Amino acid sequence: MGLMDLAGQFLGGASVSDSKTQLLNAVIGMIQNHPGGLQGLLGQFQSSGLGEHVASWVGSGDNLPLSGEQLHQALGAEQVQALAQQAGLPPEHATSGLASMLPDIINHLTPGGQIPTGLEIQQGLGGLLGKLLG
């Protein structure tokens, strides 16, 4: 999936709403600020019983979908509430939006099945938002 496909999926094509942009910003911030970075976030999903999902997002092939309920279970109510507040959305809308975005963002950030570390992930995240929002 290319960046234009990601932009269309994440941001609704040519009509970019502020809430979707804020949700994308919240996702990127979550990855950047998560203890352990991307690796730590993926570990949180794995420890919540979503290891097969994480493997599909990082690996090649189709991404297993993530439901809002699975996302809520993995992140916890407090983190979901914080992300919803950052995006200016009700928690249930933020949860469904995050569940649809996160697998593809992680897939995009892990080309060739390799999880970037340190500066690589920071550069990838910084560039991702700029490219998606053009």
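Key figures
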| item | result |
| --- | --- |
| Within the range 63-82, tally of residues that are farther than 17 Å from residue 42 by Cα and not polar (S, T, N, Q) | 3 |
| Residue in the range 91-109 that is in a helix (DSSP H, G or I), exposed (fewer than 13 other Cβ atoms within 10 Å of the Cβ), at pLDDT below 85 and out of contact with any strand residue (DSSP E or B) (no Cβ under 9 Å at 6 or more places or on another chain) present | no |
| Tabulated pairs, the range 21-33, first under 12 Å from residue 101 (Cα atoms), second surrounded by fewer than 18 Cβ atoms within 10 Å (Cβ to Cβ), C-beta under 6 angstrom, 6+ apart or interchain | 26/86; 28/129 |
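Residues checked against (1) aliphatic (A, V, I, L, M); (2) at pLDDT below 90:
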position	(1), (2)
14	yes, yes
19	no, yes
22	no, yes
27	yes, yes
34	no, yes
63	no, no
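The values are calculated or read from the model by the stated rules, or taken from the named source; none is laboratory data. Predicted model only: the values in this text are computed from it and were never measured. No Cβ is skipped: glycine too gets one built from the backbone with ideal geometry, and neighbour counts run over all protein chains shown.
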